[in-house]
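Take a look at the structure set out below.
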């Protein structure tokens, strides 16, 4: 069994026994890693700070037959502001779950790692978390090679539209002549298409201050969640958690 060192962010965990915890880490060099942190739930464990959800740490790990083991960790950023706010915690958990279920074991990606770390930094200060979630969904899919075609009709290549339809199945927009190619395609406003293009091409941090009308946010949510679910093929549990929080807030 060998030792190795890697930077990683904690994107999930489950308790094991009385004091242990199995962590899901995401590393730029090794992708998704499952590792057991022994005794981490004891009050004075030296591993506690660096192994909490969202913590970005430098890990020393021991390779195992089925599970690696955390030997040491040095915290680089705790992102505690996310964990102490229910709404930010909910969205952060959603982002982490999307990353977990949309990546395979050992799929390494420096770009994806840096993107996720940037998202956590922005999550601490972003005001419109619903809009941030739409940007995260779109960019996460794009980085993994599933960017929707939103610059011309995915079926015929037409760039001029009287009506605009979006197809998750076909992976992009359809013109009015091609909409019948997907009976489940949804019609979207031109403003929605313009915003999606801006979200896809713009830097994450440059979109922080944008203010969107509720109708536009609602349409973006309908389109992008359906697009994400089409690719990951199951509904994240944390998405239901966010929906419950929104219902409580609206009462």
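Out of all the residues in the stretch 82-113, which are over 24 Å from residue 244 (Cβ atoms), over 12 Å from the mean Cα position of the chain (by Cα) and in a helix (DSSP H, G or I)? Break it down stepwise before answering.
Restricting attention to the stretch 82-113, the residues satisfying the condition of being over 24 Å from residue 244 (Cβ atoms) are 103-113.
Now narrow it down to the ones that are over 12 Å from the mean Cα position of the chain (by Cα): 104-111.
Within the stretch 82-113, 110, 111 meet the criteria.
Test residue 54 against the stated conditions and say whether it is within 19 Å of the chain's Cα centre (by Cα) and not in a strand (DSSP E or B). Give the derivation first.
Values: within 19 Å of the chain's Cα centre (by Cα): yes; not in a strand (DSSP E or B): yes.
It is true that residue 54 is within 19 Å of the chain's Cα centre (by Cα) and not in a strand (DSSP E or B).
Can you tell me how many residues in the stretch 31-59 are crowded, with 18+ Cβ neighbours inside 10 Å, within 18 Å of residue 76 (Cβ to Cβ) and in contact (Cβ under 8 Å) with a residue 12 or more places away in the chain?
Initial filter on the stretch 31-59 (crowded, with 18+ Cβ neighbours inside 10 Å): 31-33, 35-37, 40, 47-48, 50-57, 59.
Now narrow it down to the ones that are within 18 Å of residue 76 (Cβ to Cβ): 33, 35, 37, 40, 47-48, 50-57, 59.
Within this subset, residues satisfying the condition of being in contact (Cβ under 8 Å) with a residue 12 or more places away in the chain are 33, 35, 37, 40, 47, 50-57, 59.
Adding up the residues that qualify gives 14.
Could you check the stretch 174-198 and list, in sequence order, the residues that are closer than 17 Å to residue 137 by Cα and either outside the structural domain of residue 224 (by TED's automatic domain parsing) or buried (at least 20 other Cβ atoms within 10 Å of the Cβ) (or both)? Steps first, answer last, please.
Step one: of the stretch 174-198, the residues closer than 17 Å to residue 137 by Cα are 192-198.
Scanning the stretch 174-198 gives 192, 195, 196.
With respect to residue 117, is the statement that it is buried (at least 20 other Cβ atoms within 10 Å of the Cβ) and assigned to a helix (DSSP H, G or I) true?
Values: buried (at least 20 other Cβ atoms within 10 Å of the Cβ): no; assigned to a helix (DSSP H, G or I): yes.
Against the criterion (buried (at least 20 other Cβ atoms within 10 Å of the Cβ) and assigned to a helix (DSSP H, G or I)), residue 117 does not qualify.
More than 11 Å from residue 9 (Cα to Cα), crowded, with 20+ Cβ neighbours inside 10 Å and either assigned by TED's automatic domain parsing to the domain that holds residue 245 or at pLDDT 95 or above (or both): which single residue out of 107, 87, 68 fits that description? Before you say what the answer is, go through the steps one by one.
Details: 107 fails: crowded, with 20+ Cβ neighbours inside 10 Å; 87 fails: crowded, with 20+ Cβ neighbours inside 10 Å.
Unique residue meeting the criteria: 68.
The values are calculated or read from the model by the stated rules, or taken from the named source; none is laboratory data. This is a predicted model, so every value here is computed, not measured. Methodologically, a virtual Cβ is constructed for each residue, glycine included, from the backbone with ideal geometry; neighbour enumeration extends over all protein chains shown.
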